[in-house]
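See below for the structure under consideration.
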Amino acid sequence: MEVKYLHTFKTIISEGSFTKAAEKLNYTQSTITFQMKQLEQELSVQIFEKIGRNMILTKAGQELIPYVDEVLDSMNRLSGFSENFFILKGELQIEMAETLLCYKMAPVLKELHHLAPQAKLYLKSTNCYEILEKIRTGKTDLGVFYLDVCNSEEFLQAYPIGECTMDLVSSPRIKEKFPDFITPNQKLDLPFIIDEPDCIFRQIFEDYLSSRNITLDHTIELWSIPTIKNLVKNDVGISYLPSFTVEEELKNGELCKIKTALDDQKLTAVCAHHKNKWVSPLMKLFIQLATNNKLF
């Protein structure tokens, strides 16, 4: 049985379709189809069935997933061996919260590249809930995110990186006009500029506003922290962000901190993986660098 067929099968599962798997693997769609037909013949079961225009996993295909995971995990272990055992190589997939990737992880990634130049690193920036789900389902090796999105998840092995405070920020002109975010029962003609609904910062601040019956005019939803800050600096609205993301702008006066009853709010950043996942030498190195670099 060709291991590449198993890798293609897992890629179809993670990407969600034959078409996306073909793009990811740089195959033609006919190659994907051929490989799955070969796999079905070798296993003597139907793995996919066509429902409408979509190829859907059969019951046998669903039951195959943990076996494929086990084989591919073993292959990853074997690929870590070398004539020189101390050479770190292989692939490492890491999902990161945008703020941590943009503002904290560069020293870790630089040192990782220095210590393991033969390693292939795949990074993706996404929200913390999606990272947690991908760790749970085995679709990523490691996640770097804020632990506050979950309670004590039994499947999770987490390594604390540090704690960060949060700030409500605006331009000096906006703060002069809207200085009070503590008094309850207010309606403020001002937009809240923040990330998607699953953003932990947005959820914390929106819960705070609701608890005090403070209503803002509307929400501007963006997916880029630098863009959010740029709009806030230009008097468009306010935002609620980790202190380390606005430290420079607060120092040079482009942004101001507005006092709230949330001023003691802290988030815990972690590096984490599934507790049942084999920790490769490359994973272990990244975890050590992330936890020992004093990023906060």
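Just to verify a result, which residue in the range 241-265, among those that are over 19 Å from the mean Cα position of the chain (by Cα) and in a strand (DSSP E or B), is surrounded by the fewest Cβ atoms within 10 Å (Cβ to Cβ)?
K257
Mind checking which residues of the range 147-185 are part of a strand (DSSP E or B), in contact with a Phe, Trp or Tyr (Cβ under 9 Å, 6 or more places away or on another chain) and not β-branched (V, I, T)?
Scanning the range 147-185 gives G162, E163, C164, M166, D167, L168, S170.
Any residue in the range 223-234 that is surrounded by 20 or more Cβ atoms within 10 Å (Cβ to Cβ) and small (G, A, S)?
No, the conditions are met nowhere in the range 223-234.
Please go through (1) outside the structural domain of W223 (by TED's automatic domain parsing); (2) at pLDDT 95 or above for S171 and return the number of the only condition it doesn't satisfy.
Answer for S171: the failing condition is (1).
Does the range 265-291 hold any residues that are touching a residue at least 12 places away in the same chain (Cβ under 8 Å) and of a type in the set (D, E, K, R), and which are they?
Scanning the range 265-291 gives K266, K275, K277.
Here's a check for you: in the range 78-103, which residue that is in contact with an Asp or Glu (Cβ under 7 Å, 6 or more places away or on another chain) and of a type in the set (A, V, I, L, M) is modelled with the lowest pLDDT?
L92
As an exercise: evaluate M75 against (1) surrounded by fewer than 15 Cβ atoms within 10 Å (Cβ to Cβ); (2) touching a helix residue (DSSP H, G or I) at 6+ places or on another chain (Cβ under 7 Å); (3) modelled with pLDDT of 90 or more and give the number of the one condition it does not meet.
(3)
Within the set of pairs 6 or more residues apart or between chains, which connect a residue that is touching a residue at least 12 places away in the same chain (Cβ under 8 Å) and hydrophobic (A, V, I, L, M, F, W, C) inside the range 204-222 to a residue that is part of a strand (DSSP E or B) and surrounded by 13 or more Cβ atoms within 10 Å (Cβ to Cβ) with Cβ atoms less than 6 Å apart?
Hits for this filter: F205/Y240; I214/Q186; L216/L188; L216/L190; L216/F192; I220/P191; I220/I193.
Please find, within the range 148-167, the residue that is surrounded by the fewest Cβ atoms within 10 Å (Cβ to Cβ) out of those that are modelled with pLDDT of 90 or more and within 30 Å of L255 (Cβ to Cβ).
Filtering first and then ranking leaves E163.
The values are calculated or read from the model by the stated rules, or taken from the named source; none is laboratory data. Predicted, not measured: the structure shown is a model, and the values here were computed from it. Every residue, glycine among them, receives a Cβ derived from its backbone with ideal geometry; neighbour counts consider all protein chains shown.
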